[in-house]
Each structure stands twice: as structure tokens, then as C-alpha cells.
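Asks: I'd like to ask some things about the structure below.
Each value in this text was obtained by applying a stated rule to the coordinates, not by laboratory testing. What you see is a predicted model, and the numbers here were worked out from it, not measured in a lab. Every residue, glycine as well, gets a Cβ built from its backbone with ideal geometry; the counts of neighbours run over all protein chains shown.
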Amino acid sequence: MAKNEGSSRRKHQPVAEVSRRDACKMGFAAVVTAARGDALGGLAAPATDQDTVRYPKSMNGKPHIAVVGAGAFGGWTALYLLRGGAQVTLFDAWGPGNSRAASGGETRVMRGAYGPNQPYTKMAARAMELWKEHEARWKQKFFHSIGVLWMVEGDGEFERGSLPMLKDAGIPFEQLAAGELTRRWRQINFEKVEWGIWEPHSGYLLARASTQAVVEHFVAEGGEYRQQAVLAAGLEAGDWRALPLSDGSKLLANRYVFACGPWLGKLFPQTVGPHFISTKQDVFFFGTPPGDYRYDEGNLPVWADHSDHFIYGIPGNQNRGFKLADDTRGPEFDPTSGQRLVDNDRLAEARRYLAYRFPGMKDAPLVETRVCQYENTADHNFIVDRHPANANLWIVGGGSGHGFKHGPALGEMTARLVLKDEPAEAAYRLARFEAQKANP
Ligand SMILES: Cc1cc2nc3c(=O)[nH]c(=O)nc-3n(C[C@H](O)[C@H](O)[C@H](O)COP(=O)(O)OP(=O)(O)OC[C@H]3O[C@@H](n4cnc5c(N)ncnc54)[C@H](O)[C@@H]3O)c2cc1C
């Protein structure tokens, strides 16, 4: 147990809470404003040595947990912490699904195939259940199960390794021979594609819309959301106690969860920084031909092509055009100050691929672009662990370009670990990075 784990009798002020009834009455935007305006009233006095770390109860008898970052990881974690019985304050510097966040943008792929020997197919299966459960509960639609098609050229080690994992996780799939692929999707040029995996129940998720909805429902269920930045200074120190906020004040909670996506490397330069890189990823949206619906959802599934490198796309949906992206990691990118302009070479490569694989889209105009950033860990596995110098501080992130779909399952797992004080799962621990360096 770290030196700052002990007990204390020091009481702190309760934070300003927006009640469920108020949230419903006021609507989300108003609640944000109210929470912002009330921020000073909710702040605890600066921490002292007697500040506690081990679940002293807040004035309402619940442990108070501060979650920093309202993206897919932080938002769902905050919601499950709240439902698990904590008093939760969720912070975001620019708002859930903002234009800099990894969870911003229109859509994300929801798939089960992940190659051999990994925890993500099972996590995706659980996430699919939870996405559907929440859609029914909230009467909102985020998960569009239009199917995912994997096109396999050559060896297909990734895809072959995915098959037993899909079966084990109970995610429906079919293996399709080349002839069957051509029969089903005539608008695709399957040259060199030897076989495919068809996941009929997988599909795509609405990214920004669902990220914002999670926070709306978190507030409606009794959570507090504040649009405010947490300062980076001193977070790595072992004697750290209260959360330093951008208005100069501090918030004392019993536990802190940092789910800051691509910002984690900078917030924790010693613990996360050396094992983490934020990379620029260009995303292209092409306009489908007028009156030709072969490239829209309903006629085309989400697709992934592992030929040369990993290229994937989402058919026309939400009237936004046909999305195409290359999973190859781009150059390092600063999520705060980076200019979000796509690279001309990447656009040329996207056009070349589009004309080859989807010949009917050869002259399709570029209708939108987006620059997002992947939040890559060294091994592309997530981080869900306590800070080594502060057992009350959890670091959650490292989605590495594939985290969004897992949001609800990851949030459910993280909330359980934090609330029950359970050890982090080995695959997501920080210590693995040093072990990997020692045994490459
Ligand atoms: C182009 C692209 C395509 C992708 N495709 C897929 C896909 O198809 N399927 C899939 O599953 N995943 C995909 N991903 C990955 C997925 O989007 C991310 O893994 C996931 O969204 C990460 O969520 P997060 O909550 O960790 O980070 P974020 O969404 O970035 O959230 C972090 C939040 O922290 C806030 N924050 C940062 N610093 C502070 C601070 N100091 N104080 C307060 N708030 C702060 C930010 O404002 C931000 O809102 C893709 C990512 C990109 C970029």
C-alpha cells in the first residue's frame, strides 16, 4: 500500500450537485452552465497532510470520485461509478466529444475481429450488449448493426486468428469464399481478396453524439459535470492530494480517475509519457454519386481491408458521405495545438485506393475531412491502472485507435476496480511497459 493510503477524519465541503430532476428540467446545456457557475461553491479547501486517501465518506455518505476527461472512457466510467454508489464529479476542458478529443467526429467501427490471443473480442461482445441495453434504456440510437466485412488477401493471420476468438465470445460471424463476396457486394472490386469474414451484427457507432449523450444521462442520473480544465503540474508527485483546477482552486476527492485520452502522455510525463505517442490520423469523407445508393448503409457494410496495410471505411450514413481512413500511424501530433489539416499525400493515397476497390466511386468528390489523433501505447493495449506513486489516482486510456467501441464495457470494468479497490488486470497495468522493455 502506498504511503498516502491511510485514513483520515478530515471533512470537506460537498461539491455542488445538479439533481436528476433539475437536470431533466434544465436540459444538458443549462446544467453545464449551472455546474460551471457553481464551481467555486463546490471546491474543497486546499489539501493538507491530514487529507485522506482511503474512502472517507463525503457528507452524503458516499465516496467522492473525480473523473477527468469526458470522452468515451471517462464518460462511461463516470456513469458506472455513479451507479456503483459514488458521488462523481466529471471534468472536461472542452466538453464531451469536442473537436480535439479522440471521441469527437461522426462515427466509429464496432467490430469483434481482433486477431488471436487478445482480450478485446470478449470486451467488444460485452460492449455490444451494453450499447444495446443503453439504447433501449435511453430510447436513442447509436449502434447501427449494418455488419462488418473483412477482406482477406494472402496469409490472413489476423483474420484466421480472429475466428476462434469470435466464436468464443459469441459474436456471430461467417467465413465467405471469394465467389460469395462478389455475389453479395457487386460494387466492390475483390481483386486479390481470397476470403472474408462477415460479422452481420457488428457495424458502426455514432461517436460524438453518444459521447455527449453519456454525459447528459450521467447528469440526469445525479452526476455532476463541470467544463473546466485540470492542471498538469505536479500530478506525478506521491504526496499529491487535491485536484488543481484551471481557475486556481482545488477539488479534494477520495479518488481520481484520469481518462484524458491523447493528453495522458503530457499529464503524466514520467509514468505514461515514455510509453505513449499521440499520432495524427487523417479521415476522408467522399460524396456518393447522385441517385446511386450502392455505397450507403443498407447496401454496403462497414469494411476493413488488410491487403497492403489496414484501410477501413464506413458507408454513407447520416448524410455525411462515405468514410475512408488508413489505420497506419501518422506523425506525432499535439492534441491541444495541432492544426487539423489533412495531408495531400494521404488524400492522394485514399483516392487511389477508393478508385481501385470501389470503382464506382472513382470520381467522387471529397466532401469533408477530419484530423483526429490516436492515443497509442507502446503495445496498443489500454491502460487501466493506479499511479505507482499514488494509489488513489487511476489512469485510464491508451485506446490506441480502437478504444471507442469498448467504452461501456471498459467503464463498467474500471468502475468495479476503483470502487472495490481491486487490482488492475495484468494486460492493462503500467508495469508491463518496463517488463516489455526488459524482455523485448
Ligand atoms: C481517426 C480515428 C478513428 C478511430 N476509429 C475507431 C474505431 O473505428 N473504433 C473504435 O473503437 N475506436 C476508434 N478510434 C479510437 C477511439 O476513438 C479512442 O480510443 C477513444 O475515443 C478514446 O477515448 P478517451 O475517452 O480515452 O479519449 P478522448 O475522447 O480524447 O477524451 C479525453 C477527454 O479529456 C479531456 N481532457 C484532456 N485533458 C484534460 C484536462 N487537463 N482537464 C480536463 N479535461 C481534459 C479532453 O477534452 C477530452 O474530451 C479512432 C480514433 C481516431 C482518432
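Asks: How big is D, in µm² s⁻¹, for the range 129-210 by Stokes-Einstein at 25 °C and 0.890 mPa s if Rh is the Kirkwood radius over C-alpha pairs? Working shown, then result.
Replies: Values: Rh = 14.3 Å.
D, rounded to a whole number, is 171 µm²/s.
Asks: Sticking with this structure for a sec: At 7 Å along Cα-to-Cβ for each site, give me the label-to-label distance between ASN319 and ARG340 in nm.
Replies: Between ASN319 and ARG340, the simple spin-label model gives 2.1 nm.
Asks: For the chain, what relative contact order do you get, as a whole percent, if you take Cα pairs closer than 8 Å and at least 6 residues apart? The partial results should precede the final answer.
Replies: Values: 973 pairs, mean separation 96.4, N = 440.
Answer for the chain is 22 percent.
Asks: Can I ask one more? Compute the angle between helix 28-37 and the longest alpha-carbon principal axis of the chain, please, reported from 0 to 90 degrees and rounded to the nearest 10.
Replies: 30
Asks: Write down the percent of antiparallel bridges among all DSSP beta bridges whose residues are both part of the chain, to the nearest 5. List each step's numbers first, then the result.
Replies: Numbers: 46 of 68 bridges.
Counting only bridges with both partners in the chain, antiparallel ones make up about 70 percent.
Asks: Please report, in debye to the nearest 20, how large the charge dipole of the chain is about its Cα centre when each Lys and Arg carries +1 at its beta carbon and each Asp and Glu carries -1 there. Walk me through the numbers on the way to the answer.
Replies: On the way: 52 positive and 50 negative charges, 260 e Å.
So the magnitude is around 1240 debye.
Asks: Using 22 Å as the Cα-Cα cut-off, could you pick out the over-long pairs in LYS139/LYS323; LYS280/LYS323; LYS167/LYS405; LYS141/LYS167? Provide the component values of the computation, followed by the final result.
Replies: Working: LYS139/LYS323 26 Å; LYS280/LYS323 17 Å; LYS167/LYS405 19 Å; LYS141/LYS167 27 Å.
The pairs that break the limit, which is 22 Å between Cα atoms, are LYS139/LYS323; LYS141/LYS167.
Asks: Now, a different point. Volume per residue, Å³, of the convex hull around the alpha-carbon atoms of the chain? Don't skip to the answer; put the middle values down first.
Replies: Working: hull volume 62.6 nm³, N = 440.
Dividing the Cα hull volume of the chain by its residue count gives 142 Å³.
Asks: Then there is this: Could you give the nm distance between label points at ASN189 and LYS139, where each point is 7 Å from its Cα heading toward the beta carbon?
Replies: Going from the ASN189 label point to the LYS139 one covers 4.8 nm.
Asks: Which order do peptides 306-314, 376-384 fall in by mean Cβ count within 10 Å, highest first? Spell out each step's value before the answer.
Replies: Working: 306-314: 18.6, 376-384: 20.3.
Result, highest mean Cβ count within 10 Å first: 376-384, 306-314.
Asks: While we're on this one: With everything on Cα atoms, drop me the angle between helix 207-220 and the longest principal axis of the chain, reported from 0 to 90° to the nearest 10.
Replies: Rounded to the nearest ten degrees, it is 30.
Asks: For the Cα atoms of the chain, what angle does the longest principal axis make with the long axis of helix 72-83, in degrees from 0 to 90, nearest 10?
Replies: 50
Asks: Something else: Could you please state, rounded to a whole Å, how far the C-alpha centre of the range 367-402 is from the C-alpha centre of the range 197-216?
Replies: Between the Cα centre of the range 367-402 and that of the range 197-216, the gap is 19 Å.
Asks: So who's got an amide H within less than 5 Å of the one on TRP195, skipping anything under 5 residues away but keeping other chains? H placed 1.01 Å off N, in plane.
Replies: VAL152
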